[in-house]
């Protein structure tokens, strides 16, 4: 890549731009994966507890939870129209292996997959615009223009992808993505001056 130098155009070492960008992308990856995984896992446990409660199965892992279990039993008996036998599974300090149902396995896989997607999306979104900065020693205004061209190309590809998946007009999706890009640019320019 040959870039003509303008003596009036300031340059910045590319590492000053690329390294913080890479560091930020990595931190967004870790934050996205961990935050999404933990929230998906908590939601899965809540759904499983609600399902078990609806089926009359109450699980207890500690003695302190026994008081809470009594309240759950009372609530469940009030809701049921007829008397039911409530099973309480106590592990009494030892962990026992419970076979997961196909539904639980699918939810577990989906949670991990969503966590990875939520991590890789910002990682790639942060690294791809830095590509032009990797190939030059000193970044100038043209390097930023090349970065925007790379972003523009990715937005067009994303618009094509979304158009094909939704079976809608590809041009419409590309224009929607470009509108979001331009709106983002305007907001950034306003806040950064």
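Nothing in this text is a laboratory measurement; each read-out follows from the coordinates by a stated rule. Please read these numbers as outputs of a predicted model, since none were measured by experiment. Heads up, the Cβs are rebuilt from the backbone with ideal geometry, glycines too, and the neighbour counts pull from every protein chain shown.
For the reader, a short list of remarks on this structure follows.
- Here residue 152 meets the list (1) part of a helix (DSSP H, G or I); (2) touching a helix residue (DSSP H, G or I) at 6+ places or on another chain (Cβ under 6 Å); (3) touching a residue at least 12 places away in the same chain (Cβ under 8 Å) almost entirely, failing just condition (2).
- Selected residue (only one of 159, 126, 111, 163 is surrounded by 12 or more Cβ atoms within 10 Å (Cβ to Cβ) and within 30 Å of residue 13 (Cβ to Cβ)): 126
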